[in-house]
1. Can you give the Rg to Rh ratio of the range 127-275, both from alpha-carbon atoms, with Rh computed by the Kirkwood formula?
2. Round to the nearest 0.05 the FRET efficiency obtained for residue 143 and residue 44 when R0 = 25 Å and r is the Cβ-Cβ distance.
3. Where does the charge balance sit around residue 255 when Lys and Arg score +1, Asp and Glu -1, over other residues with C-beta under 13 Å from its C-beta?
4. Please give the net charge around residue 91, taking every other residue with its beta carbon less than 13 angstrom from that of residue 91, where Lys and Arg add +1 and Asp and Glu add -1.
5. State, to one decimal in nm, how far the label point of residue 165 lies from the label point of residue 82, with both points 7 Å from Cα in the Cβ direction.
6. Could you give the nm distance between label points at residue 248 and residue 263, where each point is 7 Å from its Cα heading toward the beta carbon?
7. Could you rank the peptides 260-267, 166-173, 112-119 by their average count of other C-beta atoms within 10 Å per residue, with the highest value first?
8. May I ask for the net charge around residue 207, where only other residues with Cβ less than 9 Å from the Cβ of residue 207 are counted and Lys, Arg are +1 while Asp, Glu are -1?
Amino acid sequence: MEKSHPAKKEEEEKSVKRHLKIGLAGFLLVTLVFVSLSKEKPSAFIEVEVKGVRLDTMGHNPVVILADKDGKKALPIWIGLLEANAIDKELKNVSSTRPMTHDLLLLGQVHATVKEVKVVELKDHTYYAKLFLMLNKELIEVDARPSDAIVMALKSKAPIYVSAKIMGDQGITLATKESFGERYGIRIQELTVSLASYFNFKGQQGVLVSEVLPGSASESSGIKAGDIITKVDLKEVGSVQEFEEAFDALQPSSTVQILLFRDDRFREVELLLKP
C-alpha cells in the first residue's frame with residue numbers, strides 16, 4: 001500500500017519527517033525541470049510526469065516523484081521496492097530478458113491497452129489509483145495501487161493524472177531556477193509557503209538550506225540541510241537576493257553570526273568566512 005509517509009514509532013516520527021523533507025527538497029533542487037506557469041482553466045485532474053525514484057534519507061524507503069507539467073508542484077508517493085525497481089527500469093529503458101509481472105498483466109493475450117491512469121484519493125495515509133483499460137472498444141475501470149498503475153502507464157506510454165485536490169493538499173510547491181543561491185558552501189532556495197509548512201516554520205521570512213557542501217566552512221559550523229536561515233549578522237534575510245547581499249557585504253576571514261530555525265526552535269551558529 002502506498003503511504004503518504006512511512007510508518008514509524010512515535011518517538012522517531014519528528015526526526016524521520018525532517019529527514020524525508022530534506023531529501024525531497026534536495027532532490028527537487030537538482031532534478032526537476034522548471035517551466036513557465038500555465039494559464040489554462042483548472043480541472044479535476046492534473047497531468048503529471050514521473051520524475052524519478054529515490055530512497056528517502058532516513059528510512060531508505062523508495063519514493064516516486066510525480067511533477068505537474070507546468071512545473072508548479074510535485075507529489076512524493078512512498079512505494080514498495082519491487083515496484084520502485086520496475087518504475088526505474090522503465091524510466092531508463094532497461095529491458096528484462098524474461099517478461100516481468102507487469103508485462104504479463106498487460107497485453108497481447110487479452111488485447112487490452114492502457115488508456116490512462118489516475119491517482120484519485122488519499123485515505124488514511126494511503127493513495128488509491130484507477131487504471132483505465134480499453135478492451136474490445138469498451139472502457140474498463142480497475143482499482144490499482146499507484147505504483148502498479150504507474151508502471152503499466154510507463155510501459156504503454158499512457159498519460160498519468162493526479163487529483164487536483166491531492167496535488168493541492170499534498171504537493172510540494174516548486175520554485176523557479178532563479179530561486180536558488182549559494183555562498184560559502186551553503187546552497188539555499190526560496191522558502192515557499194508549502195516548504196515552510198513542511199518544516200513547521202511559522203516565521204515571516206527566511207531561506208531554506210537545501211544542501212551544505214562537504215568540507216566547507218559551513219559544514220564545520222554545524223549548518224545542515226533543512227535549516228531555515230532568518231538572519232545573517234542581525235540582518236534579516238527573506239529571499240535569495242537578500243541572503244547573497246548579506247554575505248557579499250561581509251569581510252573575508254571574519255566571523256558571522258547566523259540565526260536559523262531547526263527542529264521547531266531557533267538557534268545561533270558562528271561561521272568563519274575562509275578567504
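Read-outs: derived from the displayed coordinates by stated rules, not from any lab. Worth saying up front: this structure is predicted, and the values here are computed from it rather than measured. FYI the Cβ positions are ideal-geometry reconstructions off the backbone, even for glycines, and counts take in every protein chain you see.
1. Over the Cα atoms of the range 127-275, Rg/Rh equals 1.20.
2. 0.85
3. -2
4. Around residue 91, the charge tally is +2.
5. Distance between label points: 3.2 nm.
6. A separation of 3.5 nm, rounded to one decimal place.
7. 112-119, 166-173, 260-267
8. For residues surrounding residue 207, the net value is -2.
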